[in-house]
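Undergrad: Sharing a structure, written as structure tokens. Questions coming.
FYI, it's all coordinate maths here, none of it is from the lab. Since the model is a prediction, treat every value here as computed from it, not as a measurement. Cβ placement follows ideal geometry from the backbone for every residue including glycine, while neighbour counts extend to all protein chains displayed.
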Amino acid sequence: MKILAFGASSSRQSINKALAGYTANLVEGAEVTLLDLNDFEMPLFSEDFEKESGVPAQAQAFVDAIAQTDVIVASFAEHNGSYSAAYKNIFDWASRIEKAVYQDKPIAVLSTSPGPGGASSVLAQTVNSMPFFKGNIVGSLSVPNFYNVMKDGEVVDAAIKQALSDIVAKF
């Protein structure tokens, strides 16, 4: 099974990328590709830019990465109650290539933050909107207090670890 994992964040030390990678690797024998959204940096989406220069190659690379996988694990950073600008820009460009951005792939949708909210606002947005773009959500989880939950690359909270295992068991 091929799993594409990413944290919807532009932080190079993204806690959401760490959570997505950890969760994807719970699937024994899976071939995991962990994307860094910084590798998909492109101009801010605008119809004017698209008319003048076309869709950036990085957007096609993102769509292709989804096409070449079996399942997706995505963990969303929350910036002021919404998506990070980095994710939103990649998503906007990708949707110009393929409205069904997530191509009916099974997806585990996660979010985390250092605080008690666990980025639950962006998780709710994602769960509500992703099906319109052919995201087949098999499970979702908000993980609060990241630095108490994950230590040295391992989830140490038994309930969270079990919840993540239960989600990936649906793949």
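Undergrad: Only four residue types carry charge here, +1 at the Cβ of Lys and Arg and -1 at the Cβ of Asp and Glu. Report the dipole size of the chain about the Cα centre in Debye, rounded to the nearest 20.
TA: 320
Undergrad: As a test of the formula, what do you get for the chain when each DSSP H run with n ≥ 4 contributes -39,500 (n - 2.57) and the sum is divided by the residue count, at 222 nm and rounded to the nearest 500 deg cm²/dmol? Could you put the intermediate results ahead of the total?
TA: Working: 7 runs with 66 residues, N = 171.
Calculated at 222 nm, the ellipticity per residue is -11000 deg cm²/dmol.
Undergrad: Still on this structure, please answer the following. By count of other Cβ within 10 Å, fewest leading, how are Thr33, Thr23, Thr112 ordered?
TA: Going from sparsest to densest Cβ surroundings: Thr33, Thr23, Thr112.
Undergrad: Just report the Cα centroid separation between the range 36-95 and the range 102-149, whole Å.
TA: Taking the Cα centre of the range 102-149 as reference, the centre of the range 36-95 is 17 Å away.
Undergrad: Tell me, in nm to one decimal, what length is gained between Glu41 and Asp166 on full extension, where the rule is 0.36 nm per residue of separation less the Cα-Cα distance?
TA: 41.7 nm
Undergrad: Kindly put Ser53, Ser95, Ser14 in sequence by how many other C-beta atoms sit within 10 Å of each C-beta, fewest to most.
TA: Fewest-to-most Cβ neighbours within 10 Å comes out as Ser53, Ser95, Ser14.
Undergrad: Rounded if a/c is under 1.5, else prolate if a/b beats b/c, else oblate: with a ≥ b ≥ c from the C-alpha gyration tensor eigenvalues square-rooted, which is the range 67-117?
TA: Oblate, since a/c reaches 1.5 and b/c is not below a/b.
Undergrad: Let me ask you something else. Determine the gain in length on full extension of the stretch Asp92-Asp48; use 0.36 nm per residue of separation and subtract their C-alpha separation, reporting nm with one decimal. If you can, show how the numbers build up before the last one.
TA: Working: separation 44, 0.36 × 44 = 15.84 nm, distance 1.38 nm.
Taking Asp92 through Asp48 to full extension adds about 14.5 nm, to one decimal.
Undergrad: Share of antiparallel DSSP beta bridges in the range 2-168, in percent to the nearest 5? Walk me through the intermediate numbers first.
TA: Values: 3 of 26 bridges.
Within the range 2-168, antiparallel bridges account for around 10 percent of the total.
Undergrad: From the square roots a ≥ b ≥ c of the eigenvalues of the alpha-carbon gyration tensor of the range 26-125, which class results: rounded (a/c under 1.5), prolate (a/b over b/c), or oblate?
TA: Working: a/c = 2.16, a/b = 1.25, b/c = 1.73.
Note, shape of the range 26-125 comes out oblate.
Undergrad: Okay, moving on. Let me confirm the definition first: pairs of Lys residues in the chain, 8 or more apart or on different chains, C-alpha distance under 16 Å. How many are there?
TA: Lysine pairs satisfying the spacing and distance rule in the chain number 10.
Undergrad: Let me ask you something else. Using a 7 Å offset from the Cα along the Cα-to-Cβ direction at both Ala158 and Ala124, what is the distance between the two label points in nm, to one decimal?
TA: Going from the Ala158 label point to the Ala124 one covers 3.1 nm.
Undergrad: Evaluate the distance, in nm, between pseudo-label points positioned 7 Å from the Cα of Ser11 and of Tyr147 along their respective Cα→Cβ axes.
TA: 1.0
Undergrad: Can you put Leu44, Leu34, Leu4, Leu110 in order of Cβ neighbours within 10 angstrom, beginning with the fewest?
TA: Lowest to highest Cβ neighbour count: Leu44, Leu34, Leu4, Leu110.
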